[in-house]
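The values are calculated or read from the model by the stated rules, or taken from the named source; none is laboratory data. Just so it is clear, the model here is predicted, and its values are computed rather than measured. Note that each Cβ is placed from the backbone with ideal geometry, even for glycine, and that neighbours are counted across all protein chains shown.
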Amino acid sequence: MIFPSPDLLLPPLRAVGVQPSVADLERAHYRAMADCDKPDREPPDAQWWLQYLRDFVAACGVPAAEVDAVAAGIVGLTQGFSWTHVGPGVTEALRGIAALELPLGIVSNSTGEVEETLRHLNVCYACDYAAVSDHVAAGGFGTEVGVVIDSAVVGVSKPDPAIFAVALEALGIPDAERSTVMHVGDSLRYDVTGAIAAGVRPVHLDPHGYCPAPAGHEHIRRLDEIVALAAGA
């Protein structure tokens with residue numbers, strides 16, 4: 001739903017002669033996620049952000065000899081939470097999903113800021129947020145969801161099925177109904193694998209068909225396609 005800030009990414013890319021558009025940056029994100037997901041790649045370690053950025057800047061067209069330096073430079077520019085660019089069609093898609101009146105929640109591997117960031121960007125907010133009334137009445141905060149789960153807050157990360165269990169419990173979904181739940185995510189390694197381990201239905205958001213192992217799970221190109229899947233589930 002959200003991407004690293006173009007304002008932080010573009011200057012170091014332009015400094016080495018690469019001139020991507022915002023759409024190019026979004027595409028490079030999906031390329032980098034797919035590269036991280038390749039079966040022959042070791043799971044990212046504590047340096048996940050740096051490893052992701054190496055793949056990301058390479059996908060943007062940075063010459064191989066400069067990839068490490070550019071990625072390291074971006075790490076220095078992105079201290080703190082830098083995922084503040086809302087993807088195209090995300091807010092509209094969430095409204096469409098919410099209109100189905102099904103339990104809806106967010107499960108994110110993050111660093112403790114994702115719930116506040118989603119509110120600030122007017123993407124969505126958890127319905128138990130104490131200070132919503134006036135702001136929601138004014139059209140702020142985006143779509144109401146049942147819960148926003150941040151791995152840094154709950155202490156467990158995707159693909160561990162325990163993080164899904166936290167979300168399902170918060171949404172009041174019993175174990176017997178897990179197989180009717182869909183989890184949408186852009187990572188084979190974290191989202192698809194985690195959903196399968198948790199006994200829920202994985203849906204891979206893969207706009208450009210980059211999934212390195214596409215068999216055995218569903219794919220969508222746009223978030224709003226989940227509405228048709230959910231309506232027919």
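Does the stretch 179-187 include one or more residues that are surrounded by fewer than 16 Cβ atoms within 10 Å (Cβ to Cβ) and either in a loop (DSSP other than H, G, I, E, B) or aromatic (Phe, Trp, Tyr) (or both)?
Within the stretch 179-187 (the criterion being surrounded by fewer than 16 Cβ atoms within 10 Å (Cβ to Cβ) and either in a loop (DSSP other than H, G, I, E, B) or aromatic (Phe, Trp, Tyr) (or both)), the answer is no, since none of the residues qualifies.
Out of LEU104, LEU25, LEU100, which single residue is within 20 Å of ARG222 (Cβ to Cβ), in the same structural domain as VAL184 (by TED's automatic domain parsing) and crowded, with 18+ Cβ neighbours inside 10 Å? Spell out the reasoning first.
Values: LEU25 fails: in the same structural domain as VAL184 (by TED's automatic domain parsing); LEU100 fails: crowded, with 18+ Cβ neighbours inside 10 Å.
Selected residue: LEU104, the only one of LEU104, LEU25, LEU100 that is within 20 Å of ARG222 (Cβ to Cβ), in the same structural domain as VAL184 (by TED's automatic domain parsing) and crowded, with 18+ Cβ neighbours inside 10 Å.
Give the residues of the stretch 94-117 that are within 15 Å of ALA228 (Cβ to Cβ), of a type outside the set (Gly, Ala, Ser) and not in a helix (DSSP H, G or I), sorted by residue number.
Answer for the stretch 94-117, where residues must be within 15 Å of ALA228 (Cβ to Cβ), of a type outside the set (Gly, Ala, Ser) and not in a helix (DSSP H, G or I): LEU100, LEU102.
Quick check on the stretch 1-20: of everything there that is assigned to a helix (DSSP H, G or I) and either over 21 Å from the mean Cα position of the chain (by Cα) or in contact (Cβ under 8 Å) with a residue 60 or more places away in the chain (or both), which residue is surrounded by the most Cβ atoms within 10 Å (Cβ to Cβ)? Explain how you work it out, then say what you get.
Of the stretch 1-20, the ones assigned to a helix (DSSP H, G or I) are 6-15.
Pick out the ones that are also either over 21 Å from the mean Cα position of the chain (by Cα) or in contact (Cβ under 8 Å) with a residue 60 or more places away in the chain (or both) and you get 6, 8-9, 11-15.
On the way: PRO6: 17, LEU8: 14, LEU9: 26, PRO11: 12, PRO12: 21, LEU13: 23, ARG14: 11, ALA15: 11.
Applying the filter and picking the extreme gives LEU9.
Show the residue pairs meeting these rules: Cβ distance below 7 Å; 6+ apart or different chains; first residue within the stretch 63-87 and farther than 21 Å from ALA23 by Cα; second residue basic (Lys, Arg) and surrounded by 13 or more Cβ atoms within 10 Å (Cβ to Cβ).
From residues that are farther than 21 Å from ALA23 by Cα, the pairs are ASP68/ARG54.
Which of the numbered conditions does VAL114 fail, given that it passes all the others? Conditions: (1) farther than 26 Å from GLY155 by Cα; (2) at pLDDT 90 or above; (3) not acidic (Asp, Glu).
Answer for VAL114: the failing condition is (1).
Quick check: is even one residue across the stretch 153-169 within 19 Å of VAL86 (Cβ to Cβ) and buried (at least 21 other Cβ atoms within 10 Å of the Cβ)? First the steps, then the outcome.
To start, the set of residues in the stretch 153-169 that are within 19 Å of VAL86 (Cβ to Cβ) comprises none.
There is no residue in the stretch 153-169 that is within 19 Å of VAL86 (Cβ to Cβ) and buried (at least 21 other Cβ atoms within 10 Å of the Cβ).
Look at the stretch 46-68 and say how many of its residues are exposed (fewer than 14 other Cβ atoms within 10 Å of the Cβ) and part of a helix (DSSP H, G or I). Walk me through how you get there before you give the answer.
Kept after step one, since they are exposed (fewer than 14 other Cβ atoms within 10 Å of the Cβ), are these residues of the stretch 46-68: 46-48, 63-65.
After this cut, where a residue has to be part of a helix (DSSP H, G or I) as well, the list is 48, 64-65.
Looking only at that region, the number is 3.
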